[in-house]
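Reviewing the structure listed below.
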Amino acid sequence: MRVTAVRTALVAVLAGGLLTACGQGGNESLLDKSTLVVGVRPDLPGLGSRTPDGRFEGFDIDVARYVADRLGKKVRFVEALASERIPLLTSGRADMVLATLSVTPERKTRIAYAGPYYISYQDVLVRSDERGINGVRNLKSRRFCAVEGADPTKRLLAIHGMTARIVPAKDYDQCMAMIKDRRVDAITTNDVILAGLVRREGHGFRLINARISEQNTGIGLQRGDPDGCEALNRAITQMYQDGTAAKLMRKWFDGTGLDLSIIEIPQFEGCD
(Lines give C-alpha, C1' and ligand atoms only; values in the text may rest on other atoms or scores of the structure.)
Protein backbone atom coordinates (compact mmCIF):
# COMPACT_ATOMS: atom_id res chain seq x y z
CA MET A 1 0.00 0.00 0.00
CA ARG A 2 2.76 2.38 0.99
CA VAL A 3 4.79 1.45 -2.15
CA THR A 4 1.78 2.12 -4.35
CA ALA A 5 1.27 5.52 -2.72
CA VAL A 6 4.92 6.44 -3.24
CA ARG A 7 4.77 5.38 -6.88
CA THR A 8 1.59 7.41 -7.40
CA ALA A 9 3.17 10.49 -5.84
CA LEU A 10 6.31 10.06 -7.96
CA VAL A 11 4.27 9.80 -11.16
CA ALA A 12 2.36 12.95 -10.20
CA VAL A 13 5.59 14.88 -9.57
CA LEU A 14 7.11 13.75 -12.86
CA ALA A 15 3.94 14.58 -14.77
CA GLY A 16 3.80 18.02 -13.19
CA GLY A 17 7.41 18.63 -14.11
CA LEU A 18 6.80 17.66 -17.71
CA LEU A 19 3.79 19.96 -17.96
CA THR A 20 5.81 22.84 -16.54
CA ALA A 21 8.65 22.21 -18.97
CA CYS A 22 6.31 22.05 -21.95
CA GLY A 23 4.23 25.06 -20.94
CA GLN A 24 0.57 25.49 -20.13
CA GLY A 25 -1.61 22.86 -21.77
CA GLY A 26 1.42 20.85 -22.91
CA ASN A 27 2.71 23.52 -25.30
CA GLU A 28 6.35 23.19 -26.29
CA SER A 29 8.48 26.25 -25.51
CA LEU A 30 9.57 28.21 -28.54
CA LEU A 31 13.10 27.86 -27.17
CA ASP A 32 12.91 24.12 -27.91
CA LYS A 33 12.25 24.65 -31.62
CA SER A 34 14.79 25.15 -34.40
CA THR A 35 12.33 26.99 -36.67
CA LEU A 36 9.70 29.42 -35.43
CA VAL A 37 6.43 29.82 -37.32
CA VAL A 38 5.58 33.53 -37.29
CA GLY A 39 2.25 35.05 -38.26
CA VAL A 40 2.59 38.40 -40.06
CA ARG A 41 0.28 40.73 -41.93
CA PRO A 42 0.25 40.35 -45.74
CA ASP A 43 -1.80 43.50 -46.35
CA LEU A 44 -0.13 46.47 -44.63
CA PRO A 45 2.61 48.24 -46.60
CA GLY A 46 5.61 49.16 -44.46
CA LEU A 47 4.57 46.79 -41.68
CA GLY A 48 3.85 43.45 -43.32
CA SER A 49 3.01 42.83 -46.95
CA ARG A 50 3.44 40.06 -49.47
CA THR A 51 5.36 40.74 -52.66
CA PRO A 52 4.27 39.34 -56.04
CA ASP A 53 6.90 36.60 -55.75
CA GLY A 54 5.47 35.47 -52.40
CA ARG A 55 8.02 36.98 -50.02
CA PHE A 56 7.04 38.94 -46.93
CA GLU A 57 8.54 42.36 -46.22
CA GLY A 58 8.08 45.19 -43.73
CA PHE A 59 9.02 46.41 -40.29
CA ASP A 60 7.35 43.51 -38.47
CA ILE A 61 9.09 40.98 -40.71
CA ASP A 62 12.50 42.54 -40.02
CA VAL A 63 11.81 42.57 -36.27
CA ALA A 64 10.78 38.91 -36.37
CA ARG A 65 13.98 37.97 -38.18
CA TYR A 66 16.08 39.95 -35.70
CA VAL A 67 14.62 38.43 -32.52
CA ALA A 68 14.65 34.92 -34.00
CA ASP A 69 18.31 35.34 -34.90
CA ARG A 70 19.09 36.48 -31.34
CA LEU A 71 17.46 33.25 -30.14
CA GLY A 72 19.42 31.20 -32.69
CA LYS A 73 16.26 30.21 -34.58
CA LYS A 74 15.15 30.13 -38.19
CA VAL A 75 11.77 31.60 -39.17
CA ARG A 76 8.92 30.58 -41.42
CA PHE A 77 6.25 33.20 -42.12
CA VAL A 78 2.53 32.60 -42.50
CA GLU A 79 -0.26 35.08 -43.25
CA ALA A 80 -2.08 36.54 -40.26
CA LEU A 81 -5.01 38.72 -41.24
CA ALA A 82 -6.61 40.72 -38.43
CA SER A 83 -9.26 38.10 -37.63
CA GLU A 84 -6.75 35.22 -37.74
CA ARG A 85 -4.09 36.49 -35.34
CA ILE A 86 -5.42 35.04 -32.08
CA PRO A 87 -6.63 31.71 -33.58
CA LEU A 88 -3.19 31.12 -35.09
CA LEU A 89 -1.72 31.13 -31.59
CA THR A 90 -4.47 29.34 -29.67
CA SER A 91 -4.58 26.55 -32.24
CA GLY A 92 -0.80 26.12 -32.17
CA ARG A 93 -0.40 26.92 -35.88
CA ALA A 94 2.02 29.75 -35.06
CA ASP A 95 4.67 30.19 -32.38
CA MET A 96 4.63 34.00 -32.54
CA VAL A 97 2.51 36.69 -34.15
CA LEU A 98 3.95 40.07 -35.16
CA ALA A 99 0.99 41.66 -36.90
CA THR A 100 -0.02 45.02 -35.37
CA LEU A 101 -1.25 43.08 -32.32
CA SER A 102 -2.06 45.70 -29.69
CA VAL A 103 -1.85 44.66 -26.05
CA THR A 104 -5.34 44.61 -24.50
CA PRO A 105 -6.68 43.12 -21.26
CA GLU A 106 -9.17 40.96 -23.18
CA ARG A 107 -6.50 39.47 -25.43
CA LYS A 108 -4.28 38.75 -22.42
CA THR A 109 -6.89 36.29 -21.19
CA ARG A 110 -6.30 34.17 -24.31
CA ILE A 111 -2.66 34.72 -25.31
CA ALA A 112 0.61 35.96 -23.81
CA TYR A 113 2.75 38.86 -24.97
CA ALA A 114 6.44 39.59 -25.23
CA GLY A 115 7.41 43.24 -25.50
CA PRO A 116 5.81 45.50 -26.59
CA TYR A 117 8.36 45.97 -29.34
CA TYR A 118 7.08 49.38 -30.37
CA ILE A 119 4.73 52.10 -29.19
CA SER A 120 2.47 53.81 -31.67
CA TYR A 121 -0.31 56.38 -31.51
CA GLN A 122 -3.63 56.70 -33.22
CA ASP A 123 -3.36 59.28 -35.98
CA VAL A 124 -5.32 60.67 -38.91
CA LEU A 125 -4.47 60.64 -42.62
CA VAL A 126 -5.79 63.39 -44.90
CA ARG A 127 -5.21 64.54 -48.46
CA SER A 128 -2.25 66.89 -48.85
CA ASP A 129 -4.49 69.53 -50.42
CA GLU A 130 -6.55 69.78 -47.21
CA ARG A 131 -5.23 73.06 -45.83
CA GLY A 132 -5.69 74.35 -42.31
CA ILE A 133 -5.94 70.90 -40.76
CA ASN A 134 -3.37 70.57 -37.99
CA GLY A 135 -5.46 68.81 -35.37
CA VAL A 136 -8.29 66.33 -35.11
CA ARG A 137 -10.85 68.97 -34.09
CA ASN A 138 -10.34 70.68 -37.46
CA LEU A 139 -12.11 67.62 -38.87
CA LYS A 140 -15.18 67.88 -36.66
CA SER A 141 -18.32 66.52 -38.36
CA ARG A 142 -16.29 65.32 -41.36
CA ARG A 143 -16.36 61.83 -42.91
CA PHE A 144 -13.85 59.32 -41.51
CA CYS A 145 -13.13 55.93 -43.03
CA ALA A 146 -12.47 53.16 -40.54
CA VAL A 147 -12.01 49.44 -41.08
CA GLU A 148 -14.94 47.41 -39.77
CA GLY A 149 -14.38 45.87 -36.37
CA ALA A 150 -11.50 48.19 -35.45
CA ASP A 151 -11.44 50.28 -32.27
CA PRO A 152 -9.99 53.62 -33.48
CA THR A 153 -13.39 55.19 -34.19
CA LYS A 154 -14.40 54.67 -30.54
CA ARG A 155 -11.29 56.50 -29.36
CA LEU A 156 -11.86 59.25 -31.94
CA LEU A 157 -15.43 59.88 -30.80
CA ALA A 158 -14.34 59.81 -27.15
CA ILE A 159 -12.47 63.09 -27.66
CA HIS A 160 -14.41 65.84 -25.90
CA GLY A 161 -16.58 67.76 -28.34
CA MET A 162 -15.60 65.59 -31.31
CA THR A 163 -18.19 64.46 -33.82
CA ALA A 164 -17.65 62.56 -37.04
CA ARG A 165 -19.49 60.59 -39.68
CA ILE A 166 -17.98 57.11 -39.77
CA VAL A 167 -17.85 55.34 -43.14
CA PRO A 168 -16.97 51.64 -42.73
CA ALA A 169 -14.65 49.74 -45.05
CA LYS A 170 -13.51 46.12 -45.26
CA ASP A 171 -9.81 47.06 -45.37
CA TYR A 172 -7.40 50.00 -45.74
CA ASP A 173 -7.19 49.64 -49.51
CA GLN A 174 -10.92 50.41 -49.65
CA CYS A 175 -10.36 53.38 -47.33
CA MET A 176 -7.66 54.70 -49.67
CA ALA A 177 -9.94 54.30 -52.67
CA MET A 178 -12.65 56.32 -50.88
CA ILE A 179 -10.36 59.14 -49.81
CA LYS A 180 -8.97 59.42 -53.34
CA ASP A 181 -12.52 59.68 -54.70
CA ARG A 182 -13.39 62.22 -51.95
CA ARG A 183 -16.10 59.98 -50.54
CA VAL A 184 -14.38 60.42 -47.17
CA ASP A 185 -12.21 63.20 -45.77
CA ALA A 186 -9.88 61.25 -43.49
CA ILE A 187 -8.73 57.81 -42.31
CA THR A 188 -7.94 57.05 -38.68
CA THR A 189 -5.98 54.17 -37.18
CA ASN A 190 -2.47 53.49 -35.79
CA ASP A 191 0.12 55.94 -37.09
CA VAL A 192 2.44 53.20 -38.39
CA ILE A 193 -0.35 51.75 -40.54
CA LEU A 194 -1.11 55.18 -41.96
CA ALA A 195 2.60 55.90 -42.48
CA GLY A 196 2.86 52.72 -44.53
CA LEU A 197 -0.02 53.90 -46.72
CA VAL A 198 1.63 57.30 -47.20
CA ARG A 199 4.88 55.56 -48.17
CA ARG A 200 3.14 53.35 -50.72
CA GLU A 201 1.25 56.22 -52.35
CA GLY A 202 4.35 58.39 -52.61
CA HIS A 203 2.48 61.71 -52.65
CA GLY A 204 -0.93 63.25 -52.16
CA PHE A 205 -1.44 62.35 -48.49
CA ARG A 206 -0.10 63.34 -45.07
CA LEU A 207 -0.43 62.60 -41.36
CA ILE A 208 -1.60 65.28 -38.95
CA ASN A 209 0.28 63.82 -35.93
CA ALA A 210 -2.85 63.79 -33.78
CA ARG A 211 -1.40 61.31 -31.23
CA ILE A 212 -4.91 60.48 -30.02
CA SER A 213 -3.98 57.54 -27.80
CA GLU A 214 -0.97 55.34 -27.09
CA GLN A 215 -0.96 51.80 -28.48
CA ASN A 216 1.46 49.12 -27.27
CA THR A 217 2.17 46.51 -29.93
CA GLY A 218 3.54 43.21 -28.68
CA ILE A 219 4.67 39.83 -29.94
CA GLY A 220 1.77 37.44 -29.47
CA LEU A 221 2.70 34.08 -27.90
CA GLN A 222 0.97 30.97 -26.69
CA ARG A 223 0.29 31.09 -22.96
CA GLY A 224 2.50 29.18 -20.55
CA ASP A 225 5.96 29.89 -22.00
CA PRO A 226 7.60 32.43 -19.63
CA ASP A 227 11.12 31.36 -20.61
CA GLY A 228 10.41 32.03 -24.28
CA CYS A 229 8.76 35.33 -23.40
CA GLU A 230 11.71 36.51 -21.32
CA ALA A 231 14.19 35.49 -24.03
CA LEU A 232 12.22 37.58 -26.55
CA ASN A 233 12.20 40.55 -24.17
CA ARG A 234 15.98 40.35 -23.92
CA ALA A 235 16.19 40.28 -27.72
CA ILE A 236 13.89 43.32 -28.01
CA THR A 237 16.01 45.20 -25.45
CA GLN A 238 19.13 44.42 -27.49
CA MET A 239 17.37 45.60 -30.66
CA TYR A 240 16.89 49.04 -29.11
CA GLN A 241 20.29 49.21 -27.44
CA ASP A 242 22.29 48.35 -30.56
CA GLY A 243 20.37 50.85 -32.71
CA THR A 244 18.57 48.29 -34.86
CA ALA A 245 15.09 49.47 -33.80
CA ALA A 246 15.81 53.06 -34.86
CA LYS A 247 17.41 51.85 -38.10
CA LEU A 248 14.36 49.75 -39.00
CA MET A 249 11.93 52.56 -38.17
CA ARG A 250 13.84 54.90 -40.48
CA LYS A 251 14.08 52.21 -43.17
CA TRP A 252 10.32 51.72 -43.38
CA PHE A 253 8.83 55.07 -42.27
CA ASP A 254 11.32 57.87 -42.94
CA GLY A 255 9.74 60.62 -45.02
CA THR A 256 6.17 59.58 -44.26
CA GLY A 257 5.54 62.27 -41.65
CA LEU A 258 5.79 59.82 -38.75
CA ASP A 259 7.65 61.38 -35.81
CA LEU A 260 10.89 59.41 -35.48
CA SER A 261 12.73 61.90 -33.25
CA ILE A 262 12.38 59.81 -30.07
CA ILE A 263 12.66 56.01 -30.21
CA GLU A 264 12.82 54.50 -26.74
CA ILE A 265 12.66 50.99 -25.29
CA PRO A 266 8.99 50.33 -24.41
CA GLN A 267 8.01 49.26 -20.92
CA PHE A 268 7.53 45.50 -21.10
CA GLU A 269 4.52 43.46 -20.13
CA GLY A 270 5.18 40.84 -17.45
CA CYS A 271 5.91 37.27 -18.58
CA ASP A 272 3.71 34.63 -16.91
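Mind listing whichever residues of the range 207-220 are out of contact with any Leu (no Cβ under 7 Å at 6 or more places or on another chain) and assigned to a strand (DSSP E or B)?
Glu214, Gln215, Asn216
Which of the strands (runs of 3 or more DSSP E) found entirely inside the range 71-138 contain at least 1 residues meeting this: outside the structural domain of Gly220 (by TED's automatic domain parsing), modelled with pLDDT of 95 or more and of a type in the set (D, E, K, R)?
Per the criteria, 112-127.
Return yes or no: is Gln267 outside any loop (DSSP other than H, G, I, E, B), surrounded by fewer than 23 Cβ atoms within 10 Å (Cβ to Cβ) and not β-branched (Val, Ile, Thr)?
no
Could you tell me whether any residue of the range 182-195 is at pLDDT below 95, more than 19 Å from Gln122 (Cα to Cα) and surrounded by fewer than 14 Cβ atoms within 10 Å (Cβ to Cβ)?
Checked the range 182-195: no residue is at pLDDT below 95, more than 19 Å from Gln122 (Cα to Cα) and surrounded by fewer than 14 Cβ atoms within 10 Å (Cβ to Cβ).
For (1) out of contact with any strand residue (DSSP E or B) (no Cβ under 8 Å at 6 or more places or on another chain); (2) buried (at least 21 other Cβ atoms within 10 Å of the Cβ), each residue gets a yes or a no:
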{"site": "Leu221", "(1), (2)": "no, yes"}
{"site": "Gly228", "(1), (2)": "no, yes"}
{"site": "Trp252", "(1), (2)": "yes, yes"}
{"site": "Gly257", "(1), (2)": "no, no"}
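For the range 37-50, state whether one or more residues are surrounded by 20 or more Cβ atoms within 10 Å (Cβ to Cβ), at pLDDT 95 or above, in contact with an Asp or Glu (Cβ under 8 Å, 6 or more places away or on another chain) and among the β-branched types (Val, Ile, Thr).
Yes, the conditions are met somewhere in the range 37-50.
The values are calculated or read from the model by the stated rules, or taken from the named source; none is laboratory data. What you see is a predicted model, and the numbers here were worked out from it, not measured in a lab. In this analysis, Cβ positions are derived from the backbone assuming ideal geometry, glycine residues included, and neighbour counts consider all displayed protein chains.
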